[in-house]
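Inspection log for the structure reproduced underneath, given as structure tokens.
The numbers here are math on the coordinates, done by the rules we state, and not lab data. Note that the coordinates shown come from a computational prediction; the quantities given were computed from them, not determined experimentally. Cβ sites come from the backbone with ideal geometry, for glycine too, and all protein chains shown count toward neighbours.
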Amino acid sequence: MPFEEKNQWAYGAITVVAFTVYASVILSRAQDTPLTDVPYVWPMLATISAAILAAILASIAIAIASPKEAGKKDERDKEINRRGEYIGQGFVVVGAVGALLLAMLEADYFWIANVVYLCFVLSAVVSTTAKLVAYRRGFVGW
């Protein structure tokens, strides 16, 4: 398995785990209070920061485990990365438009922030999935 593919597996797993932890924390705090009144800023910042740190540490661990492959990207890796990012970018746009519409409707900050966060997570998951499929099956049918 190429170095970049290993990184994508780690990144995808970390993204899903971080968002699941965030959602669990928020939903557990919302037992007796409306969602919009739940303090979400620090849990969001903490899970995003932890996910970034975990992705960096995972990449370092993968590089240590396979030092000959570390940092090497061939044309295939670059093309897979480019196409995967293009596929995932749609959710960033959806998140921006969703946040804009919510702001125009004067929705609570909670909803605006969570729509943006959710769309970043969806973008990462879709992008990572597209890259992993490309590593396994190639570009046939794209």
Quiz item: Under a point spin-label approximation (7 Å from Cα along Cα-to-Cβ), what is the VAL93-SER28 distance to one decimal in nm?
Solution: 3.8 nm
Quiz item: Could you give the length gained on full extension between ALA70 and ALA107, defined as 0.36 nm per residue of separation minus the Cα-Cα distance, in nm?
Solution: 8.8 nm
Quiz item: Any idea what angle helix 109-137 forms with the longest principal axis of the chain, computed on alpha-carbon atoms, 0 to 90 degrees, nearest 10?
Solution: 20 degrees
Quiz prompt | On Cα atoms only, tilt of 3-29 relative to the major axis of the chain in degrees | solution = 10 degrees
Quiz item: Only one of the listed values, (i) 10.8; (ii) 6.9; (iii) 9.7, was derived from the coordinates as mean projected area of the Cα convex hull in nm²; which label is it?
Solution: (iii)
Self-check item: Nearest 10 degrees, 0 to 90: helix 41-65 Cα axis against the chain principal axis
Solution: 10 degrees
Practice problem: Hand me the GluC sites (Glu not before Pro) from region 75-142 located in a DSSP loop with no more than 10 other Cβ atoms within 10 Å, in residue order please. | Solution: GLU106
